[in-house]
Amino acid sequence: MPLVSFLDVEKTYRSLQGADYTAVEHFNVEIELGEFFCLLGPSGCGKTTVLKMLAGFEAPTTGQILMDGRPVTGASRDRGVVFQGDDSLYGWLTAVENVEFGLRMRHVGKTERRERAMRHLELVGLKGQEQKYPAELSGGMKQRIQIARVLANEPKMLLMDEPFAALDAQTRALMQLELAHIWRATRTTVLFITHDIDEAVTLGKRIGVMRAGPRSQVKGVVEVALNGARSRTDDGFLRYYKEVYEMIRDEVAKSIAGAS
Amino acid sequence: MSTYGGYALGFVSLFLIWQLASLYLVSSVLFPPPTVVFRKGWLLLRNGVLLEHLAASLRRILAGFLAGSLLGIPIGLAMGSFRSVRKLLEPYTEFLRFIPSVAMITVAVIWFGIGEASKIFLIIYTTIFIVILNTAAGVAAIAPNKIRAAESLGATRAQIFCHVAMPATVPYILTGMRLAMGNSFTTIVAAELIAANDGLGKMLWDGRLFMLVDEIFVSLVTLGLLGFVVDRMFRWSIYTFAGKYSPAT
């Protein structure tokens with residue numbers, strides 16, 4: 001049984017002017033336990049809508065989302081979320097206090113939660129920065145705090161909404177490598193939203209390519225059979241890049257045509 | 001350190017300009033130079049009169065300001081958090097905040113007499129709306145992702161209120177309180193001008209009544225200095241005790 005199933009999910013945003021917007025329709029995807037699933041699509045295709053529904057921030061209009069066979073009805077600590085921007089961090093808490101937040105809410109003892117937070121800060125390469133406030137850290141470091149905060153809470157899966165999109169190219173490439181490394185070490189199930197083919201092929205075990213919105217759905221799923229650390233110059237990497245690129249090319253064109 | 005140097009220089013130049021203006025520009029008994037004002041101030045300080053008035057005004061400001069803030073913060077939090085509370089209370093806040101506290105002096109005196117109660121009522125009145133509005137605006141300005149992140153980390157609604165909404169709103173509350181403190185100074189003087197047995201406003205009124213121009217100026221300078229010192233203390237305590245919540249970083 002897959003860990004997560006989207007069963008014929010539709011999401012329609014009601015508009016006061018009467019022009020309702022259907023972001024996704026007949027959306028079907030299954031995510032297996034322990035896999036790194038990338039959801040790739042052009043901008044405005046409803047990727048983030050899918051993540052918000054799985055996170056429990058928004059309910060599907062029709063259809064169902066199951067996790068462990070039970071319908072998702074709201075946010076839960078089973079599904080930790082890493083947001084694109086840094087506005088989800090708590091500016092009045094230090095890095096380590098941010099990472100401890102979930103444990104503190106569950107009344108985990110002070111020594112234990114500090115120890116677990118420090119371990120996860122080290123995992124994301126923030127050792128020595130634990131007493132700094134988010135405002136004192138760079139964009140890449142703030143995303144690392146978010147990742148550590150979610151991992152320390154030990155969710156059943158991670159939902160990542162274009163977490164590196166706002167970073168500069170060098171930092172982004174580094175963060176991708178480190179995330180791949182963390183995933184190989186922890187084997188947590190991940191749903192990773194991106195519009196970047198390169199990022200999807202670097203990280204994904206499977207890549208779900210979405211159609212252009214509105215009424216978007218998954219056009220096809222590419223299974224990336226590359227093991228260990230991936231290199232952008234490998235023949236295998238380029239082969240998958242090409243395959244995904246050809247799938248998404250028409251959708252990007254449609255998305256641009258639709259937007260203009 | 002350069003800040004203090006700047007302040008000292010600013011004050012020295014202020015008094016210097018005043019001195020020169022009163023000596024050469026408007027040479028009149030109605031505009032005493034700072035040397036005369038300070039000599040008079042020193043005299044009133046030594047015989048205890050100034051301290052008595054100052055203490056009376058400060059006591060009223062502090063009592064009303066604290067009570068107004070303590071009432072305003074929870075009301076603002078509730079208005080910012082719950083739509084129903086906002087709809088219910090908005091008519092009150094949006095109506096009353098346009099009636100200045102100075103206009104309420106007459107009502108306050110009729111209701112509470114010329115004693116302490118009317119002054120404290122007026123300071124509460126002038127404090128509470130600014131604190132409510134700023135607190136509610138602070139709650140409304142919380143990034144939705146802060147709340148969502150807490151939900152996905154397993155926080156309950158009560159925990160989100162205490163550990164996310166409250167601390168995220170603190171800078172707005174402190175800003176509201178600082179503005180309210182400024183208003184309190186305006187209000188207390190106006191109230192004491194009209195009905196009081198002591199206080200810096202009473203001192204101003206007596207000065208007018210008995211043509212004691214230098215006492216009027218002592219009172220004015222005291223008000224300015226007191227406001228300046230209290231505001232600096234407020235800012236200083238924000239940065240010291242609530243550095244991470246400071247309004248502007």
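The values are calculated or read from the model by the stated rules, or taken from the named source; none is laboratory data. The model shown is predicted, which means the values in this text are computed figures rather than measured ones. Cβ coordinates were reconstructed from backbone atoms using ideal geometry, including for glycine residues, and neighbour counts include every protein chain displayed.
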Problem set entry | Given (1) surrounded by fewer than 16 Cβ atoms within 10 Å (Cβ to Cβ); (2) of a type in the set (K, R); (3) over 28 Å from A:K242 (Cα atoms), index of the condition A:K142 fails | (1)
Exercise. Of the residues A:G85, A:G63, which single one is at positive phi and either within 14 Å of chain B (Cβ to nearest Cβ) or not β-branched (V, I, T) (or both)?
Worked result: A:G63
For this session: Those residues that are surrounded by fewer than 11 Cβ atoms within 10 Å (Cβ to Cβ) and over 19 Å from B:V213 (Cα atoms), I need them from segment B:10-45; list them, please.
Result: B:G10, B:V12, B:S13
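Here's the yes/no breakdown for (1) of a type outside the set (A, V, I, L, M, F, W, C); (2) in contact (Cβ under 8 Å) with a residue 40 or more places away in the chain; (3) in contact with a Gly (Cβ under 6 Å, 6 or more places away or on another chain):
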site	(1), (2), (3)
A:L7	no, yes, yes
A:G18	yes, no, no
A:T48	yes, yes, no
A:A55	no, yes, no
Seminar exercise, completed: Among the residues of segment A:63-94, the number that are closer than 18 Å to B:H163 by Cα, surrounded by 21 or more Cβ atoms within 10 Å (Cβ to Cβ) and of a type in the set (K, R) is 0
For this session: Taking B:A190 as the residue in question, decide whether it is among the small types (G, A, S), over 30 Å from A:A148 (Cα atoms) and either surrounded by fewer than 23 Cβ atoms within 10 Å (Cβ to Cβ) or within 14 Å of chain A (Cβ to nearest Cβ) (or both).
Result: yes
Exercise. Is it true that some residue in segment B:75-92 is charged (D, E, K, R), farther than 27 Å from B:P171 by Cα and part of a helix (DSSP H, G or I)?
Worked result: no
Problem set entry | Qualifying residues in segment B:84-104 (those that are under 18 Å from B:A67 (Cβ atoms) and under 18 Å from the mean Cα position of the chain (by Cα)) - the one surrounded by the fewest Cβ atoms within 10 Å (Cβ to Cβ) | B:R97
Seminar exercise, completed: In the set A:G213, A:G204, the lone residue that is assigned by TED's automatic domain parsing to the domain that holds A:V9, at pLDDT 90 or above and small (G, A, S) is A:G204
For this session: Of the conditions (1) closer than 22 Å to A:V4 by Cα; (2) in contact with a strand residue (DSSP E or B) (Cβ under 8 Å, 6 or more places away or on another chain); (3) not in a helix (DSSP H, G or I); (4) not aromatic (F, W, Y), A:A165 clears all except one; give me its number.
Result: (1)
Seminar exercise, completed: Among residues of segment A:102-159 being β-branched (V, I, T) and in contact (Cβ under 8 Å) with a residue 40 or more places away in the chain, the residue nearest to B:R148 (Cα to Cα) is A:V150
Exercise. Are any of the residues in segment B:157-179 buried (at least 20 other Cβ atoms within 10 Å of the Cβ), among the aliphatic types (A, V, I, L, M) and under 30 Å from B:I110 (Cα atoms)?
Worked result: yes
Exercise. Conditions: (1) assigned to a loop (DSSP other than H, G, I, E, B); (2) surrounded by fewer than 19 Cβ atoms within 10 Å (Cβ to Cβ). A:P155 meets all but one. Number of the miss?
Worked result: (2)
Exercise. Considering A:V252, A:V224, which residue is more than 17 Å from A:G46 (Cα to Cα) and either in the same structural domain as A:C45 (by TED's automatic domain parsing) or under 23 Å from the mean Cα position of the chain (by Cα) (or both)?
Worked result: A:V224
Exercise. Where in segment B:115-171 are the helices (runs of 4 or more DSSP H), entirely inside, with at least 2 residues that are within 7 Å of chain A (Cβ to nearest Cβ) and modelled with pLDDT of 95 or more?
Worked result: B:144-152
For this session: Kindly indicate which of A:T94, A:T48, A:T111 is hydroxyl-bearing (S, T, Y), within 20 Å of A:M210 (Cβ to Cβ) and either more than 19 Å from the chain's Cα centre (by Cα) or within 13 Å of chain B (Cβ to nearest Cβ) (or both).
Result: A:T48
Exercise. Which of the residues that make up segment A:124-147 are within 19 Å of the chain's Cα centre (by Cα) and either under 20 Å from A:E35 (Cβ atoms) or within 12 Å of chain B (Cβ to nearest Cβ) (or both)?
Worked result: A:I145, A:Q146, A:I147
